[in-house]
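Written below as structure tokens is the structure these notes are about.
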Amino acid sequence: MKRFATWAVLAALVLGMAGVAHAATEVKMTGDARVYGVYFANHNYTGWNTEGTRTEDRFQIWERFRLRSDFVANEAVKFRLGIKVEDVWGHGTLTAANPSTAIEVYQAFLQFKMPDCNVEVTAGLQDLSLPTNAFFNDSVVFGGDRAAALVVDAPLIQDTLAVKAGFARMIDTNRTYDTTTTQVADEFDLYFLALPITVNGFGITPWGAVGVAGKDANYSNAGFLEYLVSAGSFMDGWKNDQNAYWWAGGTFEVTALDPVKFYGDVIYGAGAKNDRKWSKREGWFIDLGIEYTGWDVLTPQVFGWWSTGEDKSTRNGSERMPQVLPNWGPGNSFLFDDSQELGKESNMGVNPVGNWGAGVSLNNISFVEKLSHILTFTYLHGNNNAKALRYLNETLGTNSYYVMGRDLTTNEYLLGVNFDTKYMIYENLAAILETGWSHGEFQSSVWGHRLASKSRDGDAWKVAFGLTYKF
């Protein structure tokens, strides 16, 4: 009864907000739902968690519901409220008895256009990504997530040149009052600027971002720790209260040779350069994709990427490009957290930074109406010196910074294959089947005999089947 009461209160709240809205305000609702089961064997190539202390439950049923309500005053002003419920069957809200409330606000922003121009301002909790192109799904630095931000989009030359600038407060650990009477640097702020340029047959977006990272911000809880700081900082912390991080890059798309199209990114990032020598982190990331769109029945794609990796020492800093939270991956690859529609338990969570790789994808395969497939093969090889990874593991034991299968040495590689199918039952209702397989080769001298030996007992694979509904 508590569960039904919660939903009733929520429905009353939304309808009440709509009812008291000003007569000139229009309320528009959109949303989506997905229910699916996932059978996933050998998480982290072992069936254990990253520290090797827990075993996996191979089958789970997930459910997610999202509702977005737009309160539209006119063509220039609106406010969006997005709420979400997501959990596994038999847990939290989705239990048979004594359910807990699991309603989350995942969007809450005001959006308006400046008077007498097309400059658009968005303020609040919103979807946010640094520039990328759709071929690689999203940004390898920060993408596919949300942040409390202020973003301004301004067209400078119609359909040719625009500017996008913004500020996001990614972390504020202590909020109003710090834990002592002395103020501590517990925030992580991100500033960014992009200049999308589009001409006939060609598009490029040069962009830059600067992060101001406080020493006492809780990067671990935000999921940023292993992506942002160096191994030396992971062990010994920072000397400075605040450190600057910055990224400069460009994303491009060439369609002049249509139906052959080219996509790519070039990014350099660095951080903590003025801290201790072992705290700095800097590196490069480059990707390139090519596709042929001249066939109706499928779209062949090839892709590759390269990134700098760790040298033999952690005492001179990190040679991997810093990240905030990546959402990069071509071809719906099972190796990366990218574009899987059945999102939970959907991939191996490999980090492309610190590695190089290549792959082939047959996308948009469709020989039968309403039925489509994607088949992708990916090979990935490490660029990290084994000595650096081994040193941290010997010093700290099994840890969450370098993880077997996510961070590879120059002697390690991964293979991944995914075959995914979608059938449109109705225009807004789809049945989806996602499958994935991956094999890895790992060094016992880096990860220890126990983890490496367990990874040889069987490859990782998943089968997920479910329904998605959009309205």
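Go through segment 51-85 and give me each residue that's buried (at least 20 other Cβ atoms within 10 Å of the Cβ) and in contact with a helix residue (DSSP H, G or I) (Cβ under 7 Å, 6 or more places away or on another chain).
VAL85
Report, by residue number, each residue of segment 210-243 that is over 22 Å from the mean Cα position of the chain (by Cα) and without any contact (Cβ under 8 Å) to a residue 60 or more places away in the chain.
Hits for segment 210-243 are GLY214, LYS215, ASP216, SER233, ASP236, GLY237, TRP238, LYS239, ASN240, ASP241, GLN242, ASN243.
If I ask for residues that are out of contact with any Ser or Thr (no Cβ under 9 Å at 6 or more places or on another chain) and farther than 13 Å from ILE61 by Cα, which ones from segment 459-471 would you list?
Residues satisfying the conditions are THR468, TYR469.
Which of the following residues is surrounded by fewer than 17 Cβ atoms within 10 Å (Cβ to Cβ), touching a strand residue (DSSP E or B) at 6+ places or on another chain (Cβ under 7 Å) and of a type in the set (A, V, I, L, M, F, W, C): VAL368, VAL324, VAL360, VAL353? Full working, then the answer.
Details: VAL368 fails: touching a strand residue (DSSP E or B) at 6+ places or on another chain (Cβ under 7 Å); VAL324 fails: surrounded by fewer than 17 Cβ atoms within 10 Å (Cβ to Cβ); VAL353 fails: surrounded by fewer than 17 Cβ atoms within 10 Å (Cβ to Cβ).
After ruling out the rest, the residue left standing is VAL360.
Could you list, in sequence order, the residues of segment 371-419 that are in contact with a strand residue (DSSP E or B) (Cβ under 8 Å, 6 or more places away or on another chain) and part of a helix (DSSP H, G or I)?
ALA386, LEU389, listed by residue number.
On the given criteria, is LYS215 surrounded by fewer than 16 Cβ atoms within 10 Å (Cβ to Cβ), of a type in the set (D, E, K, R) and closer than 21 Å to THR173 by Cα? Reasoning before the result, please.
Details: surrounded by fewer than 16 Cβ atoms within 10 Å (Cβ to Cβ): no; of a type in the set (D, E, K, R): yes; closer than 21 Å to THR173 by Cα: yes.
So LYS215 fails the test.
Of the residues GLY289, GLY309, GLY317, which is among the small types (Gly, Ala, Ser), at pLDDT 95 or above, surrounded by 20 or more Cβ atoms within 10 Å (Cβ to Cβ) and at positive phi?
Numbers: GLY289 fails: at positive phi; GLY309 fails: at positive phi.
Only one candidate passes the filter, namely GLY317.
In this structure, is LEU130 more than 22 Å from the chain's Cα centre (by Cα), crowded, with 16+ Cβ neighbours inside 10 Å and either among the charged types (D, E, K, R) or closer than 22 Å to GLU341 by Cα (or both)?
On the way: more than 22 Å from the chain's Cα centre (by Cα): no; crowded, with 16+ Cβ neighbours inside 10 Å: yes; either among the charged types (D, E, K, R) or closer than 22 Å to GLU341 by Cα (or both): yes.
So LEU130 does not fit the description; no.
Hey, could you check segment 50-66 for residues that are in contact with a Ser or Thr (Cβ under 8 Å, 6 or more places away or on another chain) and of a type outside the set (Ser, Thr, Tyr) and say which is nearest to LEU451 (Cα to Cα)?
GLY52
For THR176, indicate whether it is in a loop (DSSP other than H, G, I, E, B) and surrounded by fewer than 20 Cβ atoms within 10 Å (Cβ to Cβ). Before the answer, list the steps.
Values: in a loop (DSSP other than H, G, I, E, B): yes; surrounded by fewer than 20 Cβ atoms within 10 Å (Cβ to Cβ): yes.
Yes; evaluated as a whole, the condition is true for this residue.
Among the listed residues LYS28, LYS113, which satisfies the condition of being surrounded by fewer than 14 Cβ atoms within 10 Å (Cβ to Cβ) and modelled with pLDDT of 95 or more? Full working, then the answer.
Working: LYS113 fails: surrounded by fewer than 14 Cβ atoms within 10 Å (Cβ to Cβ).
One residue alone meets the criteria, LYS28.
The values are calculated or read from the model by the stated rules, or taken from the named source; none is laboratory data. Given the structure is predicted, the values throughout are model-derived calculations rather than measurements. Quick reminder, even Gly has a Cβ in these numbers, built from the backbone with ideal geometry, and neighbours come from all protein chains shown.
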